[in-house]
Structures are given as structure tokens and as C-alpha cells.
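Taking it in order: structure first as C-alpha cells, then the write-up.
The values are calculated or read from the model by the stated rules, or taken from the named source; none is laboratory data. A quick note: this is a predicted structure, and the numbers were derived from the prediction, not measured. With ideal geometry, Cβ positions are generated from the backbone for all residues, glycine too; neighbour counts draw on all protein chains shown.
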Amino acid sequence: MKRQAGFTTVAIICFVCLYAPIVVLVAYSFNAGESIAVWQGFSWRWYAAAWENEEVQRAAWLSVLVAVQASFYATVVATMAALATTRNKAFRGQTAVFALINQPLMVPEIVTGVALLIVFAMVKVATGYNGLGYLVLAHTAFCIPFAYLPIRARLEGMDLTLETAAADLYATPWKTFRRVTLPLMWPGILAGAMLAFVISLDDVVITELVKGPGQDTLPTYMLGQLRRVVTPEINAISSALLAVSVVIVSLFFLLNRKRG
């Protein structure tokens with residue numbers, strides 16, 4: 001590909017189009033004035049305003065709460081699914097099972113959101129429950145494939161010798177899993193959990209459709225503010241959210257490199 005004429009130029013243009021708006025957003029989050037387009041000096045004003053904003057604090061806490069629960073449940077389900085699809089003999093329909101697990105990656109997010117909205121509306125009518133559980137369940141559902149892929153990759157890259165040796169020494173399947181398989185696959189589990197956490201933390205479409213009154217997460221709070229007025233405070237919140245996502249994704253790649 002590097003030998004193709006214009007490859008370097010096209011690559012540079014793509015990177016500029018992708019990252020230039022992000023650089024501008026981060027730069028103007030330090031703007032001293034209220035304009036998002038006119039530079040009026042360097043200041044931490046908007047970061048301080050966002051930090052002291054009670055609505056931002058409430059939305060941020062709810063985002064973390066939902067993301068932690070969703071990533072935990074999604075990782076547990078993904079671990080069981082990865083074990084079932086890699087530690088058993090090939091069976092009829094295995095490809096279909098793999099496709100079903102990864103279906104949220106292929107289905108448009110708006111379709112998933114509308115489907116969950118309809119189902120949860122029926123459940124609300126039947127049970128009368130209107131709590132945070134719907135949002136956690138929705139996030140868990142679309143985070144499963146993101147946790148599943150690194151865990152499955154870790155299992156496929158593991159040597160079966162130690163597990164076979166444990167079985168030869170009369171270890172039960174559960175003891176083999178707890179003492180041998182789980183410690184070896186732990187980096188994959190952590191990587192999957194972190195990836196699911198980031199996906200849940202940043203979600204807007206499904207959250208906007210499923211959330212109930214008073215259940216604004218940080219992304220949906222920002223969306224609501226953008227519909228009213230745009231200030232550098234939104235830039236500051238976006239930059240902080242970007243920093244958290246970059247740190248977690250970097251840890252994800254470091255874990256994968258360590259695994260390799």
C-alpha cells in the first residue's frame with residue numbers, strides 16, 4: 001500500500017480531517033471568554049465551572065454508575081460465552097451463535113434503541129417499575145460483543161497444555177478454570193471490561209431512547225445543553241470525557257500488547 005501513488009497524502013488528509021476538530025475543541029476548552037470561536041486568552045475557567053456544576057456532577061456520577069454495572073455484567077456474560085465457544089468441540093450452529101453474540105455490532109444503534117424502547121415500555125406497563133435497571137440492561141446488551149471479542153481472542157491464543165495437565169491430575173473442570181484458565185485469561189477479561197466501560201460511558205443514541213426522567217448521563221446532558229446554548233463549558237466536559245476514554249483505551253492496548 002505504501003508504494004501506491006498518493007498513499008501518504010491521502011493518509012495525512014484522513015488524519016487531519018479526523019483529529020483537527022478534536023484539537024480545536026480541546027484548545028477552545030481553555031478559552032477565557034464565552035465564545036467558542038474567538039480566542040480571548042488562556043484560562044481554566046470552564047473546567048472549574050464544569051467541576052462545580054451540580055448537574056454535571058450528577059450526570060457524571062450516573063454515567064460512571066451505569067458504565068461500571070453494565071461493563072461488569074457484560075464481561076461476565078462475555079466470559080461465559082467465550083468459554084462456551086472456545087473450550088468445547090465444534091458443534092452445529094457455532095457460527096450462528098458467534099453471529100448472534102456479535103449482532104449488536106452489525107445492527108444500527110438506532111434500531112437497537114427503538115427495539116429496547118418498545119420492549120421496556122411493555123415491561124413498564126406490566127410491572128410498574130421505572131428505575132435505572134432498564135438503562136443498565138440496555139447498556140449491558142450492546143456492550144457484550146465489545147467484551148466478548150478480546151476475551152475470545154485471549155482464549156484462542158492460550159496453550160491448552162496446562163489445562164490438560166490439570167485434568168490429568170484429577171482437577172475438576174471448575175477447579176481447572178479457577179486455578180489455571182482464569183489467571184491466564186485475566187488480561188483479556190480486564191481488556192474486555194475496560195472496552196465495555198468506555199462504550200457504555202460514551203453512548204448517546206440508546207441512552208437517549210431508553211432513559212427515564214432524571215436519568216441523564218453525561219453524554220445526554222451535553223446533548224441537551226447543545227440544543228440550548230453552546231459555551232466553552234461543553235468543550236471542557238468533552239475534553240475531560242475524551243481524556244478518560246483515551247486513558248482507558250490506552251490501557252486496553254497495553255494489556256493486549258502484554259498478552260502478546
query = Taking Ala236, is it crowded, with 21+ Cβ neighbours inside 10 Å, within 13 Å of the chain's Cα centre (by Cα) and not hydroxyl-bearing (Ser, Thr, Tyr)?
reply = no
query = Here are some residues: Thr161, Thr127. Which one is hydroxyl-bearing (Ser, Thr, Tyr), out of contact with any strand residue (DSSP E or B) (no Cβ under 7 Å at 6 or more places or on another chain) and either surrounded by 11 or more Cβ atoms within 10 Å (Cβ to Cβ) or within 30 Å of Asp216 (Cβ to Cβ) (or both)?
reply = Thr127
Among (1) on the phi > 0 side of the Ramachandran plot; (2) touching a Leu at 6+ places or on another chain (Cβ under 9 Å) - the single one Gly93 does not satisfy = (2)
query = Which residues, taken from the range 73-104, are more than 13 Å from Pro145 (Cα to Cα), touching a Ser or Thr at 6+ places or on another chain (Cβ under 9 Å) and either part of a helix (DSSP H, G or I) or modelled with pLDDT of 90 or more (or both)?
reply = Leu83, Gln94
Residues located in the range 115-148, provided they are of a type in the set (S, T, N, Q) and closer than 21 Å to Ala191 by Cα = Thr140
note = Restricting the range 105-128 to residues that are small (Gly, Ala, Ser) and either part of a helix (DSSP H, G or I) or in contact with a Leu (Cβ under 7 Å, 6 or more places away or on another chain) (or both), the one nearest to Phe146 (Cα to Cα) turns out to be Gly113
message = Take Leu223 and tell me if it is at pLDDT below 85, of a type in the set (A, V, I, L, M) and part of a helix (DSSP H, G or I).
response = no
task = Specify the residue that is farthest from Val76 (Cα to Cα); the eligible residues are those in the range 129-161 that are not in a helix (DSSP H, G or I) and not aromatic (Phe, Trp, Tyr).
result = Asn130
query = Could you say whether any residue in the range 56-63 is farther than 30 Å from Pro173 by Cβ, of a type in the set (D, E, K, R), modelled with pLDDT of 90 or more and surrounded by fewer than 17 Cβ atoms within 10 Å (Cβ to Cβ)?
reply = yes
key: Criterion violated by Ile118 - all others in (1) surrounded by 15 or more Cβ atoms within 10 Å (Cβ to Cβ); (2) closer than 17 Å to Val210 by Cα satisfied   = (1)
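Results for (1) under 13 Å from the mean Cα position of the chain (by Cα); (2) among the charged types (D, E, K, R); (3) more than 21 Å from Tyr148 (Cβ to Cβ); (4) at pLDDT 90 or above, shown as yes or no for each residue.
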residue: Lys175; (1), (2), (3), (4): no, yes, yes, no
residue: Leu182; (1), (2), (3), (4): no, no, no, no
residue: Pro187; (1), (2), (3), (4): no, no, no, no
residue: Ala193; (1), (2), (3), (4): yes, no, no, yes
note = Among Ala49, Ala27, the single one that is modelled with pLDDT under 90, touching an Asp or Glu at 6+ places or on another chain (Cβ under 8 Å) and assigned to a helix (DSSP H, G or I) is Ala49
message = For the list (1) out of contact with any Cys (no Cβ under 7 Å at 6 or more places or on another chain); (2) closer than 21 Å to Ser245 by Cβ, I need the number of the one condition that Ser71 fails.
response = (1)
request  = Find all pairs meeting these conditions: Cβ atoms under 7 angstrom apart; at least six residues apart or on different chains; first residue within the range 176-196 and more than 14 Å from Met158 (Cα to Cα); second residue at pLDDT 85 or above and β-branched (Val, Ile, Thr).
outcome  = Gly192/Thr75; Gly192/Ile151; Ala193/Thr75; Ala196/Thr75
query = Can you find a residue in the range 154-170 that is at pLDDT 85 or above and β-branched (Val, Ile, Thr)?
reply = no
query = Counting only residues that are surrounded by 17 or more Cβ atoms within 10 Å (Cβ to Cβ) and hydrophobic (A, V, I, L, M, F, W, C), which one in the range 37-55 is farthest from Met222 (Cα to Cα)?
reply = Trp46
key: Answer residue from the range 198-220, given it is acidic (Asp, Glu) and assigned to a helix (DSSP H, G or I) and is nearest to the chain's Cα centre (by Cα) among those   = Asp202
